[in-house]
Amino acid sequence: MATAKKAAAKKSAAKKPAAKKAAKKAPAKKPAAKKVAAKKVVAKKAVAKKAPAKKVVAKKAPAKKAAAKKTTRKPNAAFMKPLTPSAVLAAVVGANPLPRTDVTKKIWDYIKKHKLQDSVNRRNINADDKLKAVFGGKKTVSMFEMTKLISAHLK
């Protein structure tokens, strides 16, 4: 029994200093909380003043974009100049003079019509007899290499 009384006395003694420490810390927190609250109010006022300035800037930006949309882009004259295809290329595209862009479109129409695009690697074109002559005897050509090879057949 004596040990139970001693243990209870130790627990109550331990609680008292902890309560005193908490009581000392509590008043220190209140003034700090007031300072933080005062800083938040000042910060909110500063943010409120900056907000209208941002809205004015946002209104000016769409006006500039609208002006940029009015101008239309003109095509490069070099692409639009009609060129005559060679006899080999004329078998695929036709003998009439065409701009480079139209020649490329007609080649792609021919490739899609005859299903010459590689099914595994879609960047490659498997040439048939007509295209093989245009591609310089190559069986498979990448689409990037194709434009280079076609330009050799245009004058």
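Does ASP102 meet the test of being modelled with pLDDT of 95 or more, of a type outside the set (A, V, I, L, M, F, W, C) and not in a strand (DSSP E or B)?
Here the answer is no, as ASP102 does not meet what is asked.
Matching residues to (1) basic (Lys, Arg); (2) surrounded by 13 or more Cβ atoms within 10 Å (Cβ to Cβ); (3) part of a helix (DSSP H, G or I); (4) touching a helix residue (DSSP H, G or I) at 6+ places or on another chain (Cβ under 6 Å):
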site	(1), (2), (3), (4)
VAL88	no, yes, yes, yes
LYS106	yes, yes, yes, yes
SER119	no, no, no, no
ALA133	no, yes, yes, yes
LYS138	yes, yes, no, no
LEU149	no, yes, yes, no
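The values are calculated or read from the model by the stated rules, or taken from the named source; none is laboratory data. None of the values given here were measured: they were computed from a predicted structure. With ideal geometry, Cβ positions are generated from the backbone for all residues, glycine too; neighbour counts draw on all protein chains shown.
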